[in-house]
Amino acid sequence: MKLKPILISAVLVVLLIAVSGSLNGQNSEPAVIPVPIEMKVKQGKFVLNENTRIVFPDNEDGCRVAEYFANWIEKPTGIHLKEGNKNNNSNAIVFHIVQDDRLGEEGYLLDVQPEKVLVSANGPAGLFYGVQTIFQLLPPQIYSPEKIEGVSWNMPAVSIYDKPRFAWRGMHLDVSRHFFPKEFIKTYIDLIAMYKMNVFHWHLTDDNGWRIEIKKYPKLTSVSAWRVDREDQTWREVTPPKPGEKATYGGFYTQEDIREIVKYASERQVMILPEIEMPGHTSEVFAAYPSLSCSGKKMYVRPGSYWPNEDIFCAGNDSVFVFLEDVLDEVMELFPGPYIHIGGDEADKTNWKKCPKCRQRMKDEHLNNEDELQSWFIKRMENYLVAHGKKLIGWDEILEGGLAPEATVMSWRGIAGGVASARQGHDAVMSPGTHCYFDHYQADPEFEPEAIGGFTTLKKVYSYEPVPEELTPDEARHILGAQGNVWTEFIPAPEHAEYMAVPRMTALAEVVWSPDSKRNWEDFRERLDTQFERFDYMGINYSRGSWKVNILPEVSEDGKQYTIVFQTEQPGYPVYYTLDGSDPDTTSLLYIEPIVIDTSVIIKTGIFDHGELKEKYAEKSIIFHKALGKKAKLEVQPVKKYSGKGAQTLVDGMTGSARYNDGYWLGFDGTDLDFTVDMEEEVPVQQVTVNFYQRQSFWIFMPVEVIIQVLDESGKIAASQTALPKTDPKSEETVIEAFKVKFDHVKGQYVRVVGKNCGNCPAWHKGAGDTCWIFSDEVIVK
């Protein structure tokens, strides 16, 4: 949000924040996430003590929830809850099975009174979610795995009615790119359950490692689960195995491990969705069983990025389907949930076009193209799953060539897949990269661990609406819910996975559980502070990236005034800054209104709480020049993902960082940069500088030439110069090169910059023939 001007002293700001926090603590509702449908705060509190008893139903499911609750309570409190008398509920926590149509399968009623706590639900799921709310009503220390002394274990008297908005409330974890130990998987499931989410999507297989024991095919774990260790190299730039080098990096889950984890999840009302990739993302299989590919060549398990990924199961080879059905037999036996995820994404069909067996299959099955061959492949696998009582779900590419009759679509490439699926009468789970990919950056990339790209802040996740507005009410009922995805190319360790998922998963949890009418960003953000305390006691390495201050330029409507605005996801905290690049503290300038800039400066800023810096400083150099904030245009638009603020990005006073995806670089795929800025009147132009970016391992090259022109008020060229790159295109470094030209005695109203794209990657490049990218930032006119 924009920090609004507050014309008061820094000391008064801090005092007001402290007083406000104290008052909120007395009068506001308890900080529960997801926010319940109805919560009424009453007088008094319930005190949990050594004499408290637990009363639960006679059925097995009710007993299991009560046992889970009692075991959790005992660790931090030291209180061993004993079974109470059903006829005497005084100082008792009572679990009660009811028949209430309002609640559905997962809703609950919670009534906390000074003398007792009553949790009512139609079944175990509702009771379990009532328990999660009880935990959030208790002090944050309730999440400690060890006993904490000196805590008053009480909860406010409240009355709550609650149930979920969506049936599918999921979190995903990729364990192929990096293997995560069994105990962390349990921790991840605990986090899912803590926020009333109910699906754990376990991405078990991919090019970088097979992670599930299949007894009929032992090489999947002896060979396909292991790769050479390249953890000292950047994911996208790893070197292949050396001759004779042993594969030592990886791991897998035994079937006994999986049964243990499935049971653990079931006790927490979490369904595990296993994903077995097909027909693409399968090269690790061919390291063990090469005959299943189109080429039949033995491969190695990829130690890093693998693109373009042309290796794929041979759709014309009947042995492939024997293999897959055997694998699925064991998978279905291990995972009792109704769904099996078969991937289906990014299946490069190049080899299918060349493969005689695949061509014959297309002829035999009367298929017109490779998309229809993929559809045939998926439908065949769906038939097998349905015959065994399972449902198929896959990424939205399974729509290509025709959707399998009973398939569910997981929409990741935006919302289009979900819309198409719902309009065809199929269920869909929404997981668009724009809002639900938690491997994306969540704060300023300059100060965050390297990520795959993107920019998905906590606030952006919270703003997500899973039901596309273009759907009719009848179509919208096919939207089962949404899911957050954690792909792990750049996430090698459990603590890093926690950092990327938490607290963004809490924001998504509220999106998929709470009514849209109850969601409020400012309220959610205040409630999140209490969650941070809970994470501390749990030992979770959560992100504080959302404390970052975003430094944003603004230009007045008349173009005469250039200002800098600070935005943050943290309301109510003082922000201090300097203009000379020095580290600010609480004696520095306090931000109270947009900052007018009339010279080049280095802004450095941070949020402080009671004198403590809450996160790393944000820093940006502002280059004051003649074209700053002037109206600009592009003849060819950049790729949307790298479009910043459009043409104005190149005259906003801010240069890009060493990360091409930081929002300050404009990216063009196979096209030129053709940019013009209007100076509004003829002015002397002595020098024009523009930066370009090269990272050839990402297909990003310098332009072959940069043409810089000064035009008069009629658009006639007054002067033109060409600058050539100095950077070696084969350089393996990330390079930012300034293309600078000077003019003598030239006046003009317009400045035009044309950066010529090299077209296609050269023959020596691993992407030979693919289109090249060029990236450009600020056009500086002096």
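Nothing in this text is a laboratory measurement; each read-out follows from the coordinates by a stated rule. Here the structure is a predicted model, which is why all the values come from computation and not from measurement. Reconstructed Cβ throughout: ideal geometry from the backbone, glycine too, with neighbour counts over all protein chains shown.
When only alpha carbons are used to place a centre, region 202-222 and region 677-712 end up 50 Å from one another.
Secondary-structure-derived ellipticity at 222 nm for the chain, considering helices only, amounts to -7500 deg cm²/dmol, per-run term -39500 (n - 2.57) for DSSP H runs with n ≥ 4.
With both partners inside region 168-545, how many of the DSSP beta bridges are antiparallel, as a percent to the nearest 5? Please list the in-between numbers first.
Values: 5 of 36 bridges.
Antiparallel bridges make up about 15 percent of those DSSP assigns within region 168-545.
Annotation: extensible slack from D318 through Q360 equals 13.9 nm (criterion: 0.36 nm per residue apart, minus Cα-Cα distance).
Note on Q561 and D529: with the Förster distance fixed at 51 Å, the Cβ-Cβ geometry gives a FRET efficiency of about 0.90. Taking the average, over residues, of other Cβ atoms within 10 Å as the packing measure, peptides 688-696, 636-644 rank 688-696, 636-644 from highest down.
Is there a quick way to get the dipole size of region 168-545? I mean about its Cα centre, with the Cβ of Lys and Arg at +1 and of Asp and Glu at -1; what is the value in debye to the nearest 20? All intermediate terms of the calculation are to be shown ahead of the outcome.
On the way: 43 positive and 61 negative charges, 156 e Å.
So the magnitude is around 740 debye.
State which entries of K242/K379; K86/K186; K147/K263; K604/K782; K219/K263 exceed 29 angstrom in Cα-Cα distance in the structure shown.
Details: K242/K379 40 Å; K86/K186 33 Å; K147/K263 26 Å; K604/K782 25 Å; K219/K263 27 Å.
Check vs 29 Å cut-off fails for K242/K379; K86/K186.
In a fully extended conformation the segment linking S295 and W521 would gain 76.1 nm over its present Cα-Cα distance, using 0.36 nm per residue.
Per-peptide packing, taken as the mean over residues of other Cβ atoms within 10 Å, places 108-116, 618-626 in the sequence 108-116, 618-626 from highest down. Pairs from the list K716/K766; K645/K716; K42/K548; K182/K390; K459/K740 with a Cα-Cα gap above 31 Å: K716/K766; K42/K548; K459/K740. Taking 0.36 nm per residue of sequence separation and removing the Cα-Cα distance, the V98/K246 pair yields an extension gain of 47.3 nm. Summing +1 for each Lys or Arg and -1 for each Asp or Glu among the other residues whose beta-carbon sits under 11 angstrom from that of R659 gives -4.
Charges were assigned to the Cβ only: +1 to each Lys and Arg, -1 to each Asp and Glu. The resulting dipole of region 548-622 about its Cα centre is roughly 140 debye. Tell me, what is the FRET efficiency for R236 and D536 to the nearest 0.05, using R0 = 30 angstrom and their Cβ-Cβ distance as r? Efficiency at R0 = 30 Å is approximately 0.30.
Sorting the segments 420-429, 55-64 by their mean number of nearby beta carbons within 10 angstrom, highest to lowest, gives 420-429, 55-64. Distance from the Cα centroid of region 556-609 to that of region 715-782 is 32 Å (rounded to whole angstrom). Here r is the Cβ-Cβ distance between E50 and E29 and R0 is 25 Å; the resulting FRET efficiency, rounded to 0.05, is 0.30.
Please figure out what share of the DSSP beta bridges in the chain is antiparallel and state it in percent, rounded to the nearest 5.
On the way: 86 of 130 bridges.
Antiparallel: roughly 65 percent of the beta bridges in the chain.
A simple spin-label model places pseudo-atoms 7 Å from Cα toward Cβ; at Q721 and S152 they are separated by 7.4 nm.
For region 724-782, chymotrypsin sites (Phe, Trp or Tyr not before Pro) are listed when DSSP marks them as loop and at most 12 other Cβ atoms sit within 10 Å of their Cβ; the list is W764. The calculated pair-distance distribution of region 625-782 uses every alpha carbon pair, bins of 5 angstrom beginning at 0, and gives 2, 10, 20, 23, 20, 13, 8, 4, 1, 0 percent. For the chain, what are the DSSP H helices with axial Cα length of 24 Å or more and mean Kyte-Doolittle hydropathy of at least 0.5? Length and hydropathy pass: 10-27, 318-334.
DSSP loop trypsin sites (Lys or Arg not before Pro) in region 184-288 with at most 11 other Cβ atoms within 10 Å of their Cβ, which ones? Write out the running numbers ahead of the final one.
Values: sites: K186, K196, R211, K215, K216, K219, R227, R230, R236, K246, R259, K263, R268; in loops: K196, R211, K215, K216, R230, K246, R268.
When the trypsin sites (Lys or Arg not before Pro) of region 184-288 are filtered for loop state and at most 11 Cβ neighbours within 10 Å, K215, K216, K246 remain.
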